[in-house]
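Structure first, then comments.
The values are calculated or read from the model by the stated rules, or taken from the named source; none is laboratory data. Everything numeric in this text was worked out from a predicted model, so none of it was measured. All Cβ positions, glycine included, derive from the backbone under ideal geometry; neighbour counts span all protein chains shown. Each accessible area value is taken on the protein alone, full model and side chains, heavy atoms only, with ligands, DNA and RNA left out. Shrake-Rupley method; radii C 1.70, N 1.55, O 1.52, S 1.80 Å.
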Amino acid sequence: MDWLLTPGPVRLHPKALEALSRPQLHHRTAPAREVFLKARALLKAAFRTEGEVLILTGSGTLAMEALVKNLFAPGERVLVPVYGKFSERFYEIALEAGLEAHRLDYPYGQVPSPADVAREGYAGLLLVHSETSTGALVDLPALSRAFKEANPDALVGADMVTSLLVWEVALEAYGVDAALSGSQKGLMCPPGLGFVALSPRALERLKPRGYYLDLSRELRAQREGESAWTPAINLVGAVAAVLEEVLPRLEAHLSLKAWQNGLLYEVGEGFGLRPVPEVRSPAVAAFYLPEGIAYARVKEAFAQRGAVIAGGQGPLKGKIFRLSLMGAYDRYEALGVAALFREVLSEILPAS
Ligand SMILES: *Cc1c(COP(=O)(O)O)cnc(C)c1O
């Protein structure tokens, strides 16, 4: 079995594995409703919102699309800073949803500043909190605040796929109206679920559309512990089990993730590698490939040691490599991975 050092899917939490070994529940029965309501309540606490969280069957991208289409009507003007592959995806989804999307481009690895988004005349702002493709983290509260000072009636939507359970997140306290995430990253569960968190303000202003994506229909069903269509209830059980374990000791978990990612940067930088992000997210460590070394070489050196890593996306394809300990890794395992990373770098870098 491979060690997943990829920023999703990630190594599963033991509580997820345990939950997934239970017999199938029928989703329209009391035990399933109990699991569903428990998962929703725990997700609400994890997102830190007084609103509600909807559980959708599909990957994180489905949740991105659901958020965009239920928050904004066609023709509305939204601002989308693009600083990586996922913020690029937000922009593409906004266009496909018929919005008048304005993009602000940044070189991959850099992040928007509050002054950049303080522009009037918008109904919304779409931001990716942790840009997994570059390893960058944006200052979500500062960006939301600056944008809302210029657009008091507007709504802010945030992708928290690799910040939920990895870094501090919040909706209302951050000035974020709606956020989304997925099961296979910080939540340490298998892929297959997307989550949309809606603040009280977003709940009042929903503009539902779509059929499977209609969030008002989901709200009605999910308040009763069901979903409109057959949910991946086994995964919902895994998410509830992991959150039940991690949330009571969230602070320790977040410091562990930050320390582990810092350790990866320490090793890489110790060998002279150049980090990609301007501001580092604890979800992933991204490095430019050393001069004259192809990505395939690094990937192969890790593969020989039974580990899977990730390369670059978009304009960074073939230029960077990425390692992540966002999954269920403890301190001991992280130190082992750091040692393995040193071994790889000693092997591939020319002796100086
Ligand atoms: C993984 C990820 C997504 C969702 O990708 P899916 O493959 O659809 O689950 C969205 N945003 C970010 C920042 C991600 O890392």
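What's the magnitude of the charge dipole for the stretch 14-247 around its Cα centre, counting Lys and Arg as +1 and Asp and Glu as -1 at the beta-carbon? Answer in Debye, nearest 20. Intermediate values should be presented prior to the final figure.
Values: 24 positive and 28 negative charges, 116 e Å.
In debye, rounded to 20, the stretch 14-247 gives about 560.
Under 5 Å from the amide H of L155 lie the amide H atoms of G124, L125, each residue being 5 or more positions distant or on a separate chain, with H modelled from the backbone and absent for Pro and chain starts.
Restricting to Cα pairs below 8 Å that are 6+ residues apart, what does the relative contact order work out to for the chain? Please round to a whole percent. Let's see the in-between values first.
Numbers: 753 pairs, mean separation 88.7, N = 352.
Result for the chain is 25 percent.
Backbone phi angles across the stretch 203-212, fed through the Karplus curve with coefficients 6.51, -1.76 and 1.60 (θ = phi - 60°), yield HN-Hα couplings of 4, 5, 10, 4, 10, x, 8, x, 10, 5 Hz in residue order; Gly and Pro are listed as x. Solvent-accessible surface of the chain, averaged per residue with a 1.4 angstrom probe and all protein chains in place: 40 square angstrom. Applying a length cut-off of 18 Å (Cα extent along the axis) and a mean Kyte-Doolittle floor of -1.0 to the DSSP H helices of the chain leaves 30-47, 233-246, 250-270, 331-348.
Need the full-extension length gain, R77 to R223, defined as separation in residues times 0.36 nm minus the C-alpha distance. One decimal, nm. Answer, rounded to one decimal: 49.4 nm.
Cross-link list K185/K207; K69/K207; K85/K319; K185/K299; K257/K299: which exceed 19 angstrom alpha carbon to alpha carbon? The partial results should precede the final answer.
On the way: K185/K207 29 Å; K69/K207 8 Å; K85/K319 14 Å; K185/K299 21 Å; K257/K299 23 Å.
In this structure, K185/K207; K185/K299; K257/K299 lie more than 19 Å apart at Cα.
Only helical DSSP H runs with n ≥ 4 go in: add -39500 (n - 2.57) per run for the chain, normalise by residue count and round the 222 nm mean residue ellipticity to 500 deg cm²/dmol.
Working: 12 runs with 139 residues, N = 352.
One gets -12000 deg cm²/dmol as the mean residue ellipticity at 222 nm.
Ranked from highest to lowest mean number of other Cβ atoms within 10 Å per residue, what is the order of the peptides 128-134, 190-196? Walk me through the intermediate numbers first.
Working: 128-134: 30.9, 190-196: 23.1.
Descending packing order for the listed peptides: 128-134, 190-196.
Taking amide H positions as modeled 1.01 Å from N, with prolines and chain starts lacking one, the residues under 5 Å from W3 and 5 or more places away or on another chain are A307, V308.
Can you give me the % of accessible surface on the chain that is carbon or sulfur? Probe 1.4 Å, all protein chains present, nothing else counted. List each step's numbers first, then the result.
Working: 7540 of 14060 Å².
Answer for the chain: carbon and sulfur cover 54 percent of the accessible area.
Close amide-amide hydrogen proximity is noted between E76 and E100, each under 5 Å apart and 5 or more residues distant or on a separate chain (H modeled in the peptide plane; Pro and chain starts excluded).
With a 10 Å radius around each residue's Cβ, average the other Cβ atoms per peptide and rank 14-26, 73-85, 234-246, 270-282, highest first. Each step should come with its number before you reach the end.
Working: 14-26: 14.3, 73-85: 20.5, 234-246: 23.2, 270-282: 18.6.
Order by mean packing, descending: 234-246, 73-85, 270-282, 14-26.
Couplings 3J(HN,Hα) of the stretch 72-79, computed from phi: 10, 8, x, x, 6, 8, 10, 9 Hz, in residue order, whole Hz [Karplus 6.51 cos²θ - 1.76 cosθ + 1.60, θ = phi - 60°; x for Gly and Pro].
Where a Cα-Cα gap under 17 Å defines reach, which aspartates and glutamates qualify for K317, not counting those fewer than 8 residues away within the same chain? In chain and number order, the partners are E88, E131, E291, E300.
Placing a label point 7 Å from the Cα of Y288 along the Cα-to-Cβ line, the residues of the stretch 105-147 whose backbone N sits under 19 Å from it are 106-111, 133-137.
The protection proxy used here, the mean number of other Cβ atoms lying within 10 Å of each residue, ranks peptides 43-49, 333-339 as follows, highest first: 43-49, 333-339.
Quick one: if you take sqrt(5λ) for each eigenvalue of the C-alpha gyration tensor of the chain, what semi-axes come out, biggest first, whole angstrom?
Details: eigenvalues 217, 137, 51 Å².
In descending order the semi-axes read 33, 26, 16 Å.
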